[in-house]
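Shown next, in structure tokens, is the structure this report addresses.
The numbers here are math on the coordinates, done by the rules we state, and not lab data. Here the structure is a predicted model, which is why all the values come from computation and not from measurement. Cβ: placed from backbone, ideal geometry, glycine included. Neighbour counts: every protein chain shown.
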Amino acid sequence: MSASKALIFFLIVIIGLAALYPALSRHPVTLFVLKGEDEVVEAFRVSAPLNGRDVSVETVPLNPAQKKEGGEILGQKDLPHLESFSRNFGVFPAVIGIPVTQEGWPGFLGGGIKGFFIDPMPDAFNNLQWTDRFYMAVNLRAFPPEPFTAIGQETAAPDNTTAGIPTPGLSPVPNPAPTPGVLRVEILNGCGITNAADWVARRVKGPGIVITDTGNADNFHYPQTIIRTCAGKPVALQEAVERLGLSVDAVQEIPSLNSPVDAVVIVGKDFIKLRRKFRERNRH
């Protein structure tokens, strides 16, 4: 091939790629993600445009039987079963199983080259080719948003206070308009254990509860997990206390709670014990 023909061929390829690039956002790859362990399982529909745009995440509701089946799939890392299981919720060219409850996603979902080679979740399994995983790792702009807040529910603006104590230099955010019958809850890490607040957020959420935010408390020396509330003890809060395995004494009613939410959960140093008891309860 002469140099002129080679140049023309190269230009045609470049023009073709440029023409196809917009289509990458119109036709994103849709992934089915199953995540958790035992029967503590969640499912997500992840839409990943392949031109580096933001990734969207939608929660897929699971009934108790599906959660049990999903826990078995994750425990056995059964990829064929995961593929057939995903068909209950639509058509997915790619499926991902993540047999852990820790926050975040596998490194190839926007984690960059480092995330691809040093995956924070090495036990994840999927039906993607390594080339697909590499492309996603380096080309997606950002991780999907944290999924502990249900899709379709508006979350309150981030609070600039910590456990009711204003942060110097920042103005408190006005209270958002409350949704009738919905308890707004903030989860704060008061023990210093990585991902403790996010783990608790997943267990606290339920009917009648919206997790508005997670973050750090004013210190990491809280011996016990406590719940400060200005909304009394509605049924939704009582159920959340039971899910965490806390006693009713952990709830502190503070009518003048200086917070834009209805309740603040501060995770204490008993977190490891609570997590172990939670897993033991869900194995039976």
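Lysine pair count for the range 25-139 (Cα-Cα distance under 21 Å; residues 8 or more apart in sequence or on different chains): 5. Each peptide in 57-64, 73-80 was scored by the mean count of other Cβ atoms within 10 Å over its residues; highest first, the order is 73-80, 57-64. Peptide packing: for 259-269, 233-243, 189-199, the average count of neighbouring Cβ atoms within 10 Å per residue gives the ranking 259-269, 189-199, 233-243, highest mean first. Amide H contacts of Gln252: Ile227, Arg228, Thr229, each under 5 Å away and 5 or more positions distant or on a separate chain (H built 1.01 Å from N in the peptide plane; Pro and chain starts excluded).
Each other residue within a Cβ distance under 15 Å of Leu237 adds +1 if Lys or Arg and -1 if Asp or Glu, for a net charge of 0. Packing, taken as the mean count of other beta carbons within 10 Å per residue, orders the peptides 220-226, 92-98 from highest to lowest as 92-98, 220-226.
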